[in-house]
Structures are given as structure tokens and as C-alpha cells.
Amino acid sequence: MNKSLCNSASKLKSYLSIGDIGISDSLLEILKNSCGSYPSPVKKFIELLKYIQNNNIHMTSFKELVALHELVAPHDSAVVSMMSIHFNLTIGTIANLGVQTPYVEDLYQKLCSGRAIGVYLATELAHGNDLIAIETQANYLPEKGVFILNSPSPNAYKFMPNTTPCKLPKVAVILAQLNVSGKKYGIFPFILPLSVNSKLTPGIKITPLGDKPGFYLDNAITSFNNVEIPFEGLLAGNMITLTKDGKISLHIKELRERFSLITDRIHSGKLCMAVSSVAAAKSALHITNTYGNKRKTFGYSGAMPIINYSHFKEGIAWDTLSTIIHALYLKELIRKVSIILSESVKNFKFKDELLIEIITAKSLCTWRTQEILINCRERCGAQGLFTLNKISPYLISNFGAITSEGDNLVLSLKAGGMIILNKMKEINKTSFQHNLFSILNDYMNFLYKKLNRLIVNNNKKINLDMLNKHSGDFLELSQTYAVLSVVTTTIDTYHDNNDDDFDMIIEGYLLDWIHRTMSNLLKSEVINLQESQKIDERRIEYIRKHAERINDYISSFGVDKAGIETPISSHDYISWYADNHHQIKNN
């Protein structure tokens, strides 16, 4: 490789390491502590809060918050979940919608300084993705100047926030239906300490749900019985004005518009989940690649490392390609969202176009990571099952990422509909058009025209029958839109002239997604059988030529520098097991 190509590859690799904020020995010591039950991650999270405070890490910056997610995710998914809830959902919602009264400011400062843990109580036993229909009631009593919070039935029990009491007090943002003078105004968030002086606030009942295998978060069922919230506890932003004597003025009259504003931080949380998921993929690929290079087998040419088998080497290469591109794409998307959030501190709401991109990015990245983790687990054989080797816990945590901040399937169907209703039939033009790009672009146009025709014939509305009958098309539209967004964004952001490494990676990513979509491309007549055969031949030739070059990028993930250690990714995994066996015998 000539000098200019080395420089371009080096530049690209510099964008791929886990966590941009670096890692100190003291932070590494916190993260490496193993957790076998839900109190352990809570203790680790409390230590992390102290570290953040002592080292002046600015978690009000969304970019820094996401960078910390990426750094912590390969170590402990439960801590990442607590961190996202605390900083993004709880603190983020208060910052966006809270009025700076002494009551709110006191609780906010406790959260920001790590003297309290933030929790977010939205979903209920009977309501998950349909948050707008939650049943928890907050009735305003003007004679007392307080809201009375109630769970009217088991349907309304908050399921499954991490509210279990611990060493630090927990401060909750609670979504409830606001009722004033017998009139309903829809969902609003309220801020309330769940405990005071180590005692639960009167009327609150918390029942731990127990462990989820490998994902030790202190989930619980939480209910309310005539719980008093002070007048200042309503987080309404500029949506309404409520006087102490119960007079109310609506400034944003549309219920769904208010709901969008209230749930804004759930959407930024989708990016936190996507980044955490891709960080797990990076770590799993590093572990698997190291194992493949060190694990010997007796093959057709005698003793050799198992990565000499093409199915192993090329399989890792395809997974690495996706991980590289998704990491680059998320880095740019987060930069864009960070700027927007920093410019709009109060009463912020994502525009539909950006919301569609965030939704589809989360689904695309977490679903693809799930495939990668399953592949890595199998490639590592029986050793891939052990918790110490991390891949199985990554799988469990990625299930959480797929579900958290909105289930991928539900979100993707919604995004497909939003693409049609917002007339987003074209991805932004890119300065560099790949010859494979047009195939997926034509497929998206085919899906758009098909679904748009149905909607126009139905008075520009999507009904349940339409969604059920054409759910596959809505999902395909959503995913194809995501892939095209990934490609155009990464090309526009990172492509330089004469950057052969980047061109090679883009070509592979497009070949992979066209291969995945091949049957639908043929059915929709975007390509014919002869063209599909040529693409398959090109794909096989491509991976045989570039697999080693692609896998070389795994070292750029910086997994070792992030402190990820497993027996099968150690310098000599047999010595690791032998040393620990000796230690156990001595104990």
C-alpha cells in the first residue's frame, strides 16, 4: 500500500475507537468490577457518578454523554441503562421542561451532582409503546396546591423502572394524566423524590421484579396511592400555564404535539442505545477475531488457526464492515443531534425528518448487531457461552437495546408510515454516487410509490388493515431508507479523493445489503436474474480479495485500550485458564 493510502486508512481508523473521552486507571477499575446480582451494578453506577463529578465530565453535553455510553457498554450493560435513564431521560426531561423553582432546582442539582439517582416512570403493566394511553392519574387540588398521584388499577402500575431503594435516594420523573377541575389535559411529566431520609414517600409502593439473566438492573413495579406532589412538581415547559387556584391556559393545544414535546428525550435515548449496541459489536468482533487467530485446529494443511477457514474469516469481515459503517454513521448523526440539542435547551422537539432518521438508525444498528453477536457466539464455540467471555451477556443486553426507548418493530412500522406521510421519497443527494447505490435507491422508490398509492386512495391516511396487509413493505421501506441514509451520510462526511479504503468499505456494505434484499429486488423487478447473478459473483470475489484488509480494522476499535479483557481474547488463553485454575486450587 502506498503512503497516501496508508494515510487515508489511518485517518479512517482514527474515527473508530471505543469512547472519545479516554479512560483512566481509576475509571477502568470501576468498570471492571464484575456484577452477579442487581445490587452490584447499582454500587458500580454510584461509583461512576462520583467519578463523573470528581473529574468534571460534562454530562449536559449530549456528545460526551454518548461517548461515555460507548465506553461503558462493553463492560456493563446494566450500568449503561442506569446512566441513560439518569442523564438522558430524567435530567434531560427536567432541563427541557422544568421551571427553575427552588423545588425543581434542588432535585435537579442533587441529580447533576450524583447525590441522587434519576429514574423515569413511563411504561405501565398495560401500556408499553402506547404511552399516550397510560392510566396513572395526577389530579390537581387547588385548595391544597398539590397534585394527587394515583394508580387507579393494576393496569396503571409502573412497569418496570429501576426504582428499587438503594444507598442513594431516587428522584423520579413520572408520566401521568393531568386532570384539573374535572377536565383531562393528557400526559405530563412530574418530578418527585421516591424517598426522603431513607424512607419511601407516603403512598408509594415498590416491589422488585427480580433478575433478568445477565442484565442485572434493579427493575420493579411501582404504584401510587394518594401521593402528594407539590405544585412546582409539574414539568410543563411552555405548553401550559397553571395557576395555584386551578386556572389553566393551553399554549400548545394539540394533544399529540404536547406528547411529542414531553417524550423528546426518549428519542435521543434511541441514539444512546444504538451506540451502546455497536460498541458491543466492536468488542465481540475483537474477542472473536483474537480467538480465531489463536485457537488451533487440525485442518487440511495440518495444525492451523481456525481463522484460516474462509467461512470464519469472511464471516467476520462482513460483520466488521457493518460495524465500521454504523460506527462512522452514528458518530456523524450524534454530532448533528448534539448541535441541535445544545442550541435548543428548552422546549425542544425533534422534527419529523430527523426523528425518522433516529428511529431507523436505532433499528438498523441494533438488529444488525444482534446478528453479529449471534455469529460471534457461534464462532467461539462452547467458550462463547461463558459470561467471562462477554459475548453471551452482550446478546442479552442487545435484546434490551432492541426493546428500550421503543420496540424496533413498532418503531420501524411507524417510521415507514412517516416516510410516506412526510413525502420523503428521496434521500439527500450525495456528492459521490456509487453504482450499487442506485439499486437500493430504485427499490426504495418502488416501495414508496406502492405505499403512497394506497394512502392517496385512502384519503392520505394509514389504517390498521393497510398496515397489517402491507407491514412487510413498511418495514422494508424503513430499513432501506436507513441503509441509504447510512451510505449518503458516511460518504458526504468521510470520503476523500483517492481514499481506496473507504471506497472498498462502502462497496462491501452495499454489496452486503443488496445480497440481503435480493429476493425482494427480484420480485419488484428492480433487477433481473442475470444482474443478481453478476452481483453475487462480484460479492464473492470482493470478500475473497478484501477479508484480511477489512479484519485489520478490528484493531482500530481500541478494545484493549478500553480495558475489555476476556480469557479467549488474552495473549494466551490456555495460560489464563491454567493460572486461574491454580489460583482456585490455592483458595
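With R₀ set to 56 Å, the beta-carbon distance separating S113 from Q530 gives a calculated FRET efficiency near 0.30.
Between I540 and V410, the simple label model (points 7 Å from Cα in the Cβ direction) yields a spacing of 4.4 nm. Projecting label points 7 angstrom from Cα along Cα→Cβ for D25 and T403 puts them 4.0 nm apart. On full extension, the segment bounded by N197 and E378 gains 60.2 nm, given 0.36 nm per residue less the C-alpha separation.
For the peptides 366-378, 554-566, 275-287, the ranking by packing is 275-287, 366-378, 554-566, with the highest mean count of neighbouring Cβ atoms within 10 Å listed first. Summary of packing: across the peptides 173-179, 448-454, the per-residue average of other C-beta atoms within 10 Å ranks them, highest first, as 173-179, 448-454. In degrees from 0 to 90, rounded to the nearest 10, what is the angle of the helix 62-72 Cα long axis to the longest principal axis of the chain? For helix 62-72, the angle is close to 60 degrees.
When only alpha carbons are used to place a centre, segment 177-240 and segment 351-417 end up 29 Å from one another.
Using 25 Å as the Cα-Cα cut-off, could you pick out the over-long pairs in K270/K414; K205/K346; K43/K349; K43/K390?
Over 25 Å apart, Cα to Cα: K205/K346; K43/K349.
Subtracting the Cα-Cα distance of S249 and D500 from their residue separation scaled by 0.36 nm leaves 84.4 nm. Straight-line reach from K13: which aspartates and glutamates have a Cα under 12 Å away, not including same-chain ones fewer than 8 places off? Leaving aside aspartates and glutamates fewer than 8 places away in the same chain, those within reach of K13 are D501, D552. Annotation note: GluC sites (Glu not before Pro) in segment 383-476 located in DSSP loop regions with a Cβ neighbour count of at most 13 within 10 Å are E426. Counting only alpha carbon atoms, the long axis of helix 391-403 and the longest principal axis of the chain meet at about 50°. Spacing of the modelled spin labels on N225 and N293, each 7 Å from Cα toward Cβ, amounts to 6.1 nm. Probing with 1.4 Å while keeping every protein chain in the model, the per residue accessible area of the chain equals 44 Å². Length gained on full extension, L141 to N445: 104.0 nm, using 0.36 nm per residue less the C-alpha separation. Ranked by the mean number of other Cβ atoms within 10 Å per residue, highest first, peptides 53-63, 384-394, 103-113 order as 384-394, 103-113, 53-63. Once the C-beta distance of K50 and T387 is scaled by a Förster radius of 25 Å, the resulting FRET efficiency is 0.40 to the nearest 0.05. Carbon-plus-sulfur accessible fraction, the chain (probe radius 1.4 Å, protein heavy atoms only): 51%.
The values are calculated or read from the model by the stated rules, or taken from the named source; none is laboratory data. Computed from a prediction, not measured in an experiment: that's the story for all the values here. In this analysis, Cβ positions are derived from the backbone assuming ideal geometry, glycine residues included, and neighbour counts consider all displayed protein chains. The protein model used for the area step is the full one, side chains on, heavy atoms only, and it has no ligands, DNA or RNA in it. Shrake-Rupley method; radii C 1.70, N 1.55, O 1.52, S 1.80 Å.
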